[in-house]
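To start, the structure under review is shown below, and the notes come after it.
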Amino acid sequence: MGKSISCKDAGKTCGWSATAESEDELLKITLEHVKEHHKDLTINSELSKNIKSIMKNTK
Ligand SMILES: [Zn+2]
């Protein structure tokens, strides 16, 4: 079982989504995307917590 995330679930008008094998892996990928495309967001532990909270399980 893996994890998936999409920016739409965070209320962003952004078509980006990703899947990964683990929560930590997906968090890393997501933070890379945030750094590139959502420069208004500050990367900190609060953001990481929010990102994890909108992750979904994949089959
Ligand atoms: Zn995005």
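The values are calculated or read from the model by the stated rules, or taken from the named source; none is laboratory data. It should be emphasised that the depicted structure is a prediction, and the values quoted were computed from it without experimental measurement. Here the Cβ positions follow ideal geometry from the backbone for every residue, glycine too, while neighbour counts run over all protein chains shown.
Filtered by the rule that a residue be in contact with a strand residue (DSSP E or B) (Cβ under 8 Å, 6 or more places away or on another chain) and in a loop (DSSP other than H, G, I, E, B), region 1-14 gives 1, 2.
Considering only residues in region 1-13 that are among the hydrophobic types (A, V, I, L, M, F, W, C) and under 18 Å from residue 43 (Cα atoms), the one that is modelled with the lowest pLDDT turns out to be 10.
Counting only residues that are of a type in the set (Gly, Ala, Ser) and assigned to a strand (DSSP E or B), region 15-30 holds 3 of them.
Of all residues being within 17 Å of residue 57 (Cβ to Cβ) and small (Gly, Ala, Ser) in region 11-37, which is farthest from the chain's Cα centre (by Cα)? Just the residue, please. The qualifying residue farthest from the chain's Cα centre (by Cα) is 22. Residues in region 12-30 that are over 16 Å from residue 49 (Cβ atoms) and more than 10 Å from the ligand (Cβ to nearest atom): 19, 20, 21, 22, 25, 29.
Number of residues in region 31-50 that are within 9 Å of the ligand (Cβ to nearest atom), in a helix (DSSP H, G or I) and out of contact with any Cys (no Cβ under 7 Å at 6 or more places or on another chain): the value is 3.
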